[in-house]
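Please treat every number below as a calculation from the coordinates, not as lab data. Computed from a prediction, not measured in an experiment: that's the story for all the values here. Cβ placement follows ideal geometry from the backbone for every residue including glycine, while neighbour counts extend to all protein chains displayed.
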Amino acid sequence: MEQRIAPANHPIRGVISDLDGVAYRGDTPIDDSVKAFRGWSERGLPYAFVTNNSTKSAAQFAAKLSRIGIPAEPSQVFTTISAVTSLLERRWPRTTPVFAIGERPLLEAIEDIGYHLTDVKPKIVVLGFDATLDYAKLRTAVRAALAGATVIATNPDVLTPVHDGYDPCVGVITAAVAAAVPNTKPIVLGKPQPFLIEQALAHLGTARHETVMVGDQIGTDIAAGKAAGMRSILLASDVPFNAVADVVPDRIIASLLDLAEPETVGWPR
């Protein structure tokens with residue numbers, strides 16, 4: 001993945017942020033982050049959110065942010081659900097049968113754009129986070145892949161943070177299917193691919209060199225920001241991550257309030 005270099009000496013006039021691990025942890029708000037986003041909102045600094053989580057719609061995420069005190073509208077939230085539906089619409093006719101593992105928002109979004117969800121001879125398998133994942137679903141996905149179906153994973157994460165620790169994520173399901181069908185080459189969406197970042201940047205309308213990506217994971221958040229040619233800032237957390245060769249955050253902070261002072265963030269005065 002080619003990385004473009006963003007100048008380090010420009011003021012920050014736009015923020016693109018991960019959600020879980022930056023704005024909140026599970027259902028618990030991160031207090032400093034709430035204060036930072038509220039301050040940016042009051043001062044007119046535009047921000048948007050990108051998440052590999054496919055369990056909620058943009059409207060649901062915006063409602064959650066609003067509940068914890070962060071001003072947010074659905075138009076500010078970009079999820080892997082939109083990445084999946086965009087890919088389907090670009091590559092396959094709506095007559096193509098699709099089997100999907102995932103929560104209701106993902107399944108509904110696929111159906112809403114006109115695809116038929118079925119476990120009978122699907123030509124496409126979509127893998128998303130599914131709290132009710134069972135052997136039958138995994139078996140259907142594996143058998144479809146054995147028959148030549150295209151496998152699409154919403155994101156590569158192997159762990160997702162929850163209130164009492166970490167749960168296995170989509171990367172684990174993808175690894176299971178790939179282990180059973182070594183010839184399959186899953187299409188993996190979400191960060192570290194820059195697609196969501198590009199969507200958010202277009203929404204903000206800010207210059208690339210004056211926009212930063214903030215996240216708590218080097219392999220997804222920071223890598224995606226770098227791939228999009230933006231300065232990328234790591235919010236230090238206790239979530240385990242693996243170092244990624246040649247991916248280094250431009251800055252490491254302990255709190256979003258470290259970016260919230262007018263001297264360091266170029267919001268309108």
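Considering only DSSP beta bridges whose two residues both sit in the chain, what percent are antiparallel, to the nearest 5?
15
Exposed loop sites here are GluC sites (Glu not before Pro) in DSSP loop states with at most 14 other C-beta atoms within 10 Å. What is the longest stretch of the chain lacking them?
Free of exposed loop sites, the longest segment is 3-262.
Just flag the chymotrypsin sites (Phe, Trp or Tyr not before Pro) in the stretch 32-132 sitting in loop per DSSP whose Cβ has no more than 14 other Cβ atoms within 10 Å.
Counting only loop positions with at most 14 other Cβ atoms within 10 Å, none of the chymotrypsin sites (Phe, Trp or Tyr not before Pro) in the stretch 32-132 qualifies.
Can you show me the helix-derived [θ] at 222 nm for the chain, built from DSSP H runs with n ≥ 4 at -39,500 (n - 2.57) apiece and divided by the number of residues, rounded to the nearest 500.
-9000 deg cm²/dmol
Tell me whether the chain comes out rounded, prolate or oblate; compute the Cα gyration tensor, take square roots of the eigenvalues as a ≥ b ≥ c, and use a/c under 1.5 as the rounded threshold.
Taking the square roots of the gyration eigenvalues as a ≥ b ≥ c, the chain is prolate.
Over 29 Å between C-alpha atoms is what I'm after, so list which of 121/185; 64/121; 64/185 land there.
Where the Cα-Cα span goes over 29 Å, the pairs concerned are 64/121; 64/185.
Given contacts defined as C-alpha pairs under 8 Å and at least six residues apart, what's the relative contact order of the chain, whole-number percent?
25
Of 192, 46, 168, which has the largest mean-square fluctuation in a 10 Å C-alpha GNM of the chain?
Largest GNM mean-square fluctuation: 168.
Just report the Cα centroid separation between the stretch 186-215 and the stretch 103-158, whole Å.
Cα centres, the stretch 186-215 to the stretch 103-158: 25 Å.
Starting from 0 in steps of 10 Å, tell me what percent of the Cα-Cα pairs of the stretch 104-254 lands in each bin.
Per 10 Å bin, starting at zero, the Cα-Cα P(r) for the stretch 104-254 comes out as 10, 33, 32, 21, 4 percent.
Mind telling me which of 229, 21, 165 comes out most flexible in a GNM of the chain, alpha-carbon contacts under 10 Å?
Greatest mean-square fluctuation among the candidates belongs to 165.
Running a GNM on the chain with Cα contacts under 10 Å, which residue among 127, 259, 234 ends up with the highest mean-square fluctuation?
Comparing 127, 259, 234 in a Gaussian network model of the chain, the most mobile one is 259.
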